[in-house]
Amino acid sequence: MPALPTLLSLGNGVELLLVTIAAGSFVMGFDGTYRDERPTRRVTITKPFAMGKTPVTQKQWLAVMDENPSHFKGDYLPVERVSWQEAKEFCQKLSQKTKLTVRLPTEAEWEYALRAGTDTCYFFGTEKGQRPSEKEKEALADYAWFVENSAGRTHTVGQKLPNPWGLYDMLGNVCEWCE
């Protein structure tokens, strides 16, 4: 199998850095309080795939889509106020531009990449199950922007610590779309 690309050129010196995620298995979901997370089940990702090292920035979105729908403006802020259909269109245009197949991750791929080989509530924690410990809640600020530490706005991508597979902002900052 050919190696997955690690850098996509979007034109005008704008690039999108990718991380290759190896195939593997994990337990998806939680048997906790949220019905849509139940039941847990073993899922196998059969092929490696690539994901953006960070959420798509406004500069990257603009290079592909020729417009910026975001409320909070800044080249290195994540693009926001994007519908699922617009995210799909971004992938289609990026595919045309790069001559590669670019798509949104499946929900299973996204959760697998988020967890990065762990089976805990947070990839940096030790608690199994739906509810993080108080210690994990405190550590969350090292990895994510969320209501209590974001001042109600988005922040430059990649400022917090990455998960063990080198992906940034998998928790917080903006919501992410799946296939």
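The values are calculated or read from the model by the stated rules, or taken from the named source; none is laboratory data. Here the structure is a predicted model, which is why all the values come from computation and not from measurement. No Cβ is skipped: glycine too gets one built from the backbone with ideal geometry, and neighbour counts run over all protein chains shown. For the accessible areas, the whole protein counts, side chains as well, though only heavy atoms, and no ligand, DNA or RNA atoms are used. Shrake-Rupley method; radii C 1.70, N 1.55, O 1.52, S 1.80 Å.
In table form, for the structure just shown:
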read-out	value
Number of the exception - Ala141 against (1) at pLDDT 90 or above; (2) buried (at least 19 other Cβ atoms within 10 Å of the Cβ)	(2)
Top-ranked residue of the range 112-126 - restricted to ones that are more than 13 Å from Ala23 (Cα to Cα) and within 15 Å of the chain's Cα centre (by Cα), ranked as most open to solvent (accessible area, probe 1.4 Å)	Tyr122
Which listed residue, of Lys93, Lys88, Lys59, Lys97, is assigned to a helix (DSSP H, G or I), at pLDDT below 95 and open to solvent by 20 Å² or more (accessible area, probe 1.4 Å)	Lys97
Qualifying residue in the range 100-107 (condition: within 18 Å of the chain's Cα centre (by Cα), closer than 29 Å to Pro164 by Cβ, in a helix (DSSP H, G or I) and at pLDDT below 95)	yes
Options Ala139, Ala151: the member that is over 27 Å from Lys47 (Cα atoms) and part of a loop (DSSP other than H, G, I, E, B)	Ala151
Search result, residues across the range 128-179 that are touching a residue at least 12 places away in the same chain (Cβ under 8 Å) and among the acidic types (Asp, Glu)	Glu136, Asp142, Asp169, Glu176, Glu179
